[in-house]
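Below is one structure, written out as structure tokens; comments come after it.
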Amino acid sequence: MTDKASNAFAKNRAEELGFDLWGDFVVPPFFHKLALDEVRKPLLIEGGRGCGKTTLLRYLSHQTQLSTRRNLTADSLPKQIGLYLRADTQFLRTFRGAAQNEENWQKIFEHALCLMILGELLAAVELLGTGADRKEVFGDVHALKLPCLRDFGDDAPGEFSDARHWVRSQHNYLASWLQNSDTANRPRLLPLKPVLLAVITLLREQLPCLNEVVFFVFVDEYENLLGYQMKLINTLLKHSEPPLIFHVAAKRNAMSERSTIGSEQLQEPDDYRHIDIEELLLDDFELFAAELFCFRLLKKGIRLKESPVTDQMLCDEAQVTRRFTDTNYGDAVKGAVAAFLPGISNEEIAEYVFKDPTLREQLAKGIGKALENFDRSLKAAAFMREDVPMASICVLALLNQGKQPRDLLNELDKLEAGKPSKFRTTDWIHHYFLGTIFYLYLPLQRPCIAYAGFSTFLKLSRCNVRHFLELCHVSMQSHEGSIERGYVEVTDQAQAARVASALFVKETQGSGDFGNRLFLIVNTLGQIFRLSQQRPSQSEAERTHFAIVDGIPSEDAQDILRECIKWSVLIAVKETKVKDVRLATNDYILNPIYAPYFGISYNKGRKLEMSAAFIDALLVGDRASLDQLVKSYKKQWDVIVSDQISLL
Amino acid sequence: MADMRIRTYSSDDDQFSLPFNWDHAFYGKDLDDRCHSAIDLIKSRSKTTSNCRYDSENPRFLTIDEVVRSRKQTANCFPKGTASIAIEATTLDLVEILELLRCAMELRVPTVDLVYAEPVSYQRPINFDSPWLREFSLSQNRRFEGVPGFVTDLSVPCENDTRFVAFLGYEGARLEQACEQVDALTGWPKTVVFGIPGYAPGWEINALANNVAKVATLEQLTVRYCSAASVTGALDILRRVHNQGSYARTVVAPLGTKPHTIATALFLIENSSFQETTLIWDHPTKSENRSGAVRRWHVFRVRDL
């Protein structure tokens, strides 16, 4: 495999892609739902880590929209120009403490924010005037005058060409003053809106092309700001209007502060529109992911056979509707990627088990052991029918559930003869096959082949672009010759899924203020679901989610639960299949990207009902409580653990 | 300013056999047996002592003997004419050490010693069927928040830009957090330093194992090694990296052993002008009973501070 191809998926964080994404951004299916041209209301853009929020904002920002790689004319000048802000929160979080009162801190933060936005605004205008062609079309930006700045600072320049330097020096002075605020002189603090509106007004007067342009300020990672800083941003959201509109991006459930500086509260939908990227991607993720796959390879000069995509098409906003309505196109793209990342059907998995000496032995041993509880005269071989391998595999679970061996033999006979059999009519195969496959693999050190395939990668990544790209990246690195051969081996994909999964398990440690706790939660839940998977009966097959019963968790536990959702460690969905008479609440699914690491299913199978007390132990209990929790399930389920997950 | 020099005195075992006494000493929180021993030692060898702690929610202040004090007021806690002070580094953390060193430098205290007790063992709490058998729980992780005096706005692009040095220890979560929270870090040349050899044979494996997954993903990476107990070695690495090339600033994240943290503090004090060095720090909340008894004592004497 060429080095180029192996690196096609290496960059899967927005920060690694830089700011100018012109020609590098696959326009997502929901793009027109943002309705940026029409709606002048702030957006709250939400989504888990890696869903593409930052990449989207960077695409909408001036570095991309006014990119020098773009042939920009008066007609093609965007109607809105984004000013992207991702504040250095480790710096901004020093804006507190007894050295100033909160009112002063707020003014200092407003000053810092004003300088950041002003810097971006001036950079955008400078980009607009970069190159001789643009100078001719849009005017000479370096000749612009900004006398209004002098209204806000005695030493401020009146010329555009000096203004960026002045902004930077103001920024440096602020940083320096904050280091030693008790000795140095306080800077003159800028009022945000008056300064920015004055500058925009002057720019519009001198550059008529900007008359219709609205400036969008995108505040990324809003959740990392301090409470009073959020309030200021909320105030700016509430009072947003052209030519300056504020938008924020945050992780799910992260907008903890709704109040503004005044007495007003931020209200949806009056004050902002809520956009959940993962929710919007849900219906079209399969095609979008396939397009991303093709696009990354195209960028390395590799075109997949039968793939109809071109990079121009994927980067063109005008083509979005066509891409996601033309079924021929969609099928061709998805088919091309599915051929490159081939999956394996359940039937094929069953045949593979029968052909693989270790797995076959594992199955025979399991059936033989189960038969010890019934009729010792029967041998495992009688149940292992090569003509109906899926049903034969399910026998292992059914015997452990107490089904009579002779009845099962009878049903196997019927199935082999092509007659109606309970394996089909009562969905035994549907219910128990995949669970039994994961069970057979658990003691082994190799990953289950059921984790392979484009469609499985989609399930594992669950609308998370970064997870999908990482699965592809590790797959492509796993074996030389994939490009030349035209596909990645199933076993290599399965191995890649396990490696990528382990990386994401470890990465939970970096999930915010409670990263260590979230890491423990993932490991504890993973172990519990693995224990459930280790029950040979598979009576509660493919358990990967839980619901809370018998009470309400403590407030501390609820805080951690919100943190789990914010960082996409758990995915909350409306509860289904509620037993008894209790009210439905939420099901909490362990993010399927962790499944290959723990050897569990990526499907939402049977539910584990956990009492509020257990949830408290899981979410906020000490280490001994976690240990106890795992042990209690081990005892309750009578699981004999003979294996251990290996270290990375 | 002449480069400061460090002289290290170490005991052979858990008995503090070193012939040192001090006029005044600062110490921190008593979390476990090792801290207790360190505080007892400091109190028995010093004429006067002060308890000291930092609260990241109130930056620019230290709480000394239960009184919240600004930097200027902190200087008043050094008895007039003090000839020698000890900073008990087992119990104090980075920010307290930084502020006290800065005060000592301004007051020109002739003898400044940093005392450190190596542990016999660390808590290894995750004892259920966890795959992460090497994970330790030495602290609750926190957010990376700047320390006034040693913070730079990293969102402002810096001409000639920045290089990054991270000292790594047992807790892999801290590097994960740094990469997640300080996204500017992605584009910088990076040097990561492992404490090898560790305090005891085999300990270095834990630091390597717990960080390797993240380190393997870093680009523009240089890996260096320095004895876990060596302040001079760590300081030497920092100085060498800082003097290489034409970068405008060096950003340091001391996420490893305490001697490496002490070296970071000394380096930041030595190069604090013009924001040429910057600290990124996560203010970890140390777990109680995180370590066992004392293995060995060290005194790091700072000359030409």
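The values are calculated or read from the model by the stated rules, or taken from the named source; none is laboratory data. None of these values were measured; they are calculated from a predicted model. Keep in mind that these areas ignore ligands, DNA and RNA; they rest on the heavy atoms of the full protein, side chains included. Shrake-Rupley method; radii C 1.70, N 1.55, O 1.52, S 1.80 Å.
With contacts taken as Cα pairs under 8 Å and at least 6 residues apart, chain A reaches a relative contact order of 15 percent.
Taking a quarter of the surface of the Cα convex hull of chain B, what do you get in nm²?
On the way: hull surface 60.3 nm².
Average of the hull's projected areas for chain B equals 15.1 nm².
Once B binds A, the 1.4 Å probe can no longer reach about 5000 Å² of accessible area, counting both sides.
Rg then Dmax, both in Å and based on the Cα atoms of the range B:158-226: 12.5, 43. Backbone geometry of the range A:92-103 corresponds, through the Karplus equation with coefficients 6.51, -1.76 and 1.60 at θ = phi - 60°, to 3J(HN,Hα) couplings of 5, 7, 8, 7, 6, x, 6, 5, 9, 7, 5, 4 Hz, x marking Gly and Pro. Histogrammed with a bin width of 5 Å, the alpha carbon distances of the range A:319-417 distribute as 2, 12, 18, 16, 12, 7, 6, 7, 7, 6, 4, 2, 1, 0 percent, first bin at zero.
Rounded if a/c is under 1.5, else prolate if a/b beats b/c, else oblate: with a ≥ b ≥ c from the C-alpha gyration tensor eigenvalues square-rooted, which is the range A:1-146? Display every interim value, and only then the final one.
Numbers: a/c = 1.76, a/b = 1.18, b/c = 1.50.
Oblate, since a/c reaches 1.5 and b/c is not below a/b.
From helices alone, chain A scores -14500 deg cm²/dmol at 222 nm; the rule is -39500 (n - 2.57) for each run of n ≥ 4 DSSP H residues, then divide by the residue total. Under 5 Å between amide hydrogens, built in the peptide plane, is the criterion, and for residue A:549 it picks out A:610, A:611, A:612 among residues at least 5 positions away or on other chains. The Cα trace of the range A:464-549 gives Rg and Dmax of 16.4, 53 Å, the first to one decimal, the second as a whole number. The alpha carbons of chain A stretch over 100, 56, 41 Å along the principal axes, in descending order.
To the nearest ten degrees, helix A:428-441 and the longest principal axis of the Cα atoms of chain A are 80 degrees apart. Surface composition of the range A:65-188: carbon and sulfur atoms hold 43% of the protein heavy-atom accessible area at a 1.4 Å probe. Between 0 and 90 degrees, the angle of helix A:160-179 with respect to the longest Cα principal axis of chain A falls at about 70 degrees. Principal semi-axes of the equivalent ellipsoid, √(5λ) from the alpha carbon gyration tensor of the range A:453-600, are 31, 18, 13 Å from largest down. Counting only alpha carbon atoms, the long axis of helix A:465-478 and the longest principal axis of chain A meet at about 60°. May I ask you to give the percent of accessible area on the range A:494-624 that is carbon plus sulfur, with a probe radius of 1.4 Å? C and S fraction of accessible area: 53 percent. For the range A:173-215, a drop of 50 Å² or more in accessible area on going from the chain alone to the assembled protein chains (1.4 Å probe) is found at A:179, A:182. Structural descriptor for the range A:1-111: relative contact order 25 percent, calculated from alpha carbon pairs under 8 angstrom and at least 6 residues apart. Entry comment: accessible area of the range B:210-305 is 36 Å² per residue, from protein heavy atoms only and a probe of 1.4 Å. Sequence-distant contacts, meaning Cα pairs under 8 Å at least 6 residues apart, place the relative contact order of the range A:131-173 at 28 percent.
With the convex hull of its Cα atoms as the shape, the range A:76-171 has an orientation-averaged projected area of 7.8 nm².
Entry comment: accessible area of the range A:348-399 is 46 Å² per residue, from protein heavy atoms only and a probe of 1.4 Å.
In the range A:362-414, the portion of solvent-accessible area held by carbon and sulfur atoms comes to 43 percent [1.4 Å probe, whole percent, DNA, RNA and ligands not counted]. The share of C-alpha pairs in the range A:72-126 whose separation exceeds 14 Å stands at 65 percent.
I need the shape label for the range B:6-130. Rule: rounded when a/c is under 1.5, else prolate if a/b > b/c, else oblate, with a, b, c from the alpha carbon gyration tensor. The shape class here is oblate.
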